[in-house]
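Presented below is the structure to which this report refers.
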Amino acid sequence: MADGSYALGTHPAERQRLERQHAIWRDEAVAAWERAGFTAGQRLLDLGCGPGFASLDLATLVGPTGRVLAIDSSPDYLDHLRRQAEERRLTQLQVLPLDLAREDGVATLPAPGGWDGAWCRWLCLFLPRLEPLLTLIAAALRPGGRLVLHDYIRWDTFALHPSDGGVARFVERTIAHWRSEGGDPDVAGRLPALLEAHGLRLLQARSLLACGDGHDPKALWLQDFLAAYPPRLAQAGFWTAADQGALEADLEQAARRQSLWVTPALVEQIWERPALGTPPALNTTP
Ligand SMILES: C[S@@+](CC[C@H](N)C(=O)[O-])C[C@H]1O[C@@H](n2cnc3c(N)ncnc32)[C@H](O)[C@@H]1O
């Protein structure tokens, strides 16, 4: 990218959008951490933490006897998070700048084999290479340590009904943009085979796809993205004035009529590095 970051950018307006996004998805994150057994005193990683809205919640969860290491490639996001942690006196929260698509990233990780858990949300879809991240996760977790993933399995389920095609065009163009940067908006479907190859086993999975009317929080989240992202798409050459006109016509119609919004299909996966001597049973409830 021109600004040295990734497809969405790391400018202040995007940071604020991520904060609103976390507020909308926070309950699902907290519920997933509970299902995975994340608790006080643990050592947890936040992989692709962004400005760290989830990292701050994780730091509160583990408390002063625990540790959270928040990892991202964006120095601006990590600076923001470091300041937030200082203001809140969360000394258990530290940050590590690292490109998680780099082959040698694992060498930078402190305390390999000593982490109780890892949280990874909306990172994998942007990575041109997953292997370095998965190698790092497998090396980081202690036996019995757990990985909680929230990522997309089908981004093209994102839809507005009724529609004259403006939203569908946005979805198609956004997918094309992310793929052109080496991302995969359907990445969650590739993860089971890859994580199994790294010796992890799947404990639980569930769908987080949502649908609702135009006032539903998840629909407002989609509308927020539709307002924020077209300039970025246009800058990258993936969006025209005609596309924008069609999108605005769809949004005007949605504001006047009864409308159904459907989110991209997000899935939760909870994985475990098996404890030594544990039989390789699948779908054990954590
Ligand atoms: C959509 S944001 C999600 C942030 C956070 N996980 C959340 O749920 O709010 C994606 C994050 O992935 C980071 N990222 C993208 N590519 C990366 C890479 N190769 N290495 C490390 N972080 C990366 C970006 O800097 C950004 O902070």
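The values are calculated or read from the model by the stated rules, or taken from the named source; none is laboratory data. If you're wondering where the values come from, they're calculated on a predicted model, not measured in any experiment. Using ideal geometry, Cβ is built from the backbone for each residue, glycine included, and neighbour counts are taken over all protein chains shown.
Things to note:
- Evaluation of His161 against (1) under 19 Å from the mean Cα position of the chain (by Cα); (2) within 30 Å of Ser259 (Cβ to Cβ) (one fails), failing number: (1)
- Residue that is farthest from the ligand (Cβ to nearest atom) [pool: residues in segment 78-130 that are closer than 21 Å to Ala29 by Cα and of a type in the set (S, T, N, Q)]: Gln92
- Whichever residue in segment 131-147 is surrounded by fewer than 24 Cβ atoms within 10 Å (Cβ to Cβ) and in a strand (DSSP E or B) and, among such residues, is farthest from the ligand (Cβ to nearest atom): Pro143
- Subset of segment 18-55 (residues that are of a type in the set (S, T, N, Q), in contact with a strand residue (DSSP E or B) (Cβ under 6 Å, 6 or more places away or on another chain) and either in a loop (DSSP other than H, G, I, E, B) or surrounded by fewer than 16 Cβ atoms within 10 Å (Cβ to Cβ) (or both)): Gln42
- Within segment 110-130, the residues that satisfy the criterion of being more than 23 Å from His177 (Cβ to Cβ) and surrounded by 20 or more Cβ atoms within 10 Å (Cβ to Cβ) are Trp115, Asp116, Gly117, Ala118, Trp119.
- Subset of segment 1-17 [away from the ligand (no atom under 13 Å from the Cβ) and assigned to a loop (DSSP other than H, G, I, E, B)]: Ala2
- Any hit, segment 84-105, residues being in a helix (DSSP H, G or I), closer than 26 Å to Ala138 by Cβ, touching a helix residue (DSSP H, G or I) at 6+ places or on another chain (Cβ under 7 Å) and modelled with pLDDT under 95: yes
- Qualifying positions in segment 28-55 - over 17 Å from Trp271 (Cα atoms), among the aliphatic types (A, V, I, L, M) and away from the ligand (no atom under 11 Å from the Cβ): Ala40
- For segment 164-183, the set of residues classified as without any contact (Cβ under 8 Å) to a residue 60 or more places away in the chain, within 17 Å of the chain's Cα centre (by Cα) and in a helix (DSSP H, G or I) consists of Ile175, Arg179, listed by residue number.
- For Pro75, the stated conditions do not hold, so it cannot be described as surrounded by 22 or more Cβ atoms within 10 Å (Cβ to Cβ) and near the ligand (Cβ under 10 Å from one of its atoms).
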